[in-house]
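Heads up, the thing below is written out as structure tokens.
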Amino acid sequence: MRAGIACAPVWSVLACLALAAPASAVRQEAPQDAEPSNEIIVVGVRKAEGSEIVVRAVPRCYGRDGDPIDAVPVPQGIRTQSVIAPDATGTIRWRDDDEPILGPAVWQRTGNAIGDYRFRVPTDGKPLCIGALPSAAQGFAQLRRIVAADGMHGRYVHFSARVMTRKAGEVRFWLAAGDARNRRYRGGDTRHKPIRGTHGWQQVDLIVGPVPSYANHISYGFLLWGRGDAWLADPVLEVLSREQALSVASLPISKLRN
């Protein structure tokens, strides 16, 4: 555990770890004016109410009828990190990923093999999903949001959701703060505690903070690596005080068991 991370001390109660920077980001030194902080980074999965119910048939991911993003041409196979987003002219297309800040209303499709996956992003608040096509190789696809960090500086952010998986190669979550040059200094992904295989609904919680003064955005979401399907329900990003963040961190979050 990295120095400067405050977490509950008992592993059997809390899965708490320092998150490595996502592979697509190169970690650089923080600006000289970076403020000292008592950083909190927590990731874990806790049993949801009704967890005694066994889900025997997790569905495959299927697209949403009439979703205009499905009509954007995207090649299959593993490529460089890319995104489906508006370009400089406002045209939505598949292009290199520059991590655009599109706000909380947009779940961005991104990854190094977008064309090998199907996506579902309902407009009515129902679960969203990523599912590998039969031809999928060992790439990955993501659904993410990138929001401006206005009003978050010096505070803590909490990303919570429920996840359900079907024969998933690997599912990860992330929550990170970055600056205008897409340098990330706080947060990362759950590569050290991925979810694999088939599981019913599980609660996922990630906390990072305090958000540094030089951060201009918060990025959060989930990815599916390889085969299978991943469903996400009730995603929420909330801003907390340190006391509230510590309260969430004290919940009975348990280590992942696959």
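Taking amide hydrogens as placed 1.01 Å from N in the peptide plane, the amide H of residue 198 sits under 5 Å from those of 167, 168, each at least 5 positions away in sequence or on another chain.
Round to a whole angstrom and tell me the spacing of the C-alpha centers of segment 181-220 and segment 109-126. With segment 181-220 and segment 109-126 each reduced to a Cα centre, they are spaced 19 Å. Of the peptides 146-152, 130-136, 236-242, the order by per-residue mean of other Cβ atoms within 10 Å, starting with the highest, comes out as 130-136, 146-152, 236-242.
Rule-based calculations on the coordinates, nothing more; no lab input. Treat the numbers as computed from the prediction; the structure is a model and nothing was measured. Please note: Cβ atoms are built from the backbone with ideal geometry, for glycine as well, and neighbour counts cover all protein chains shown.
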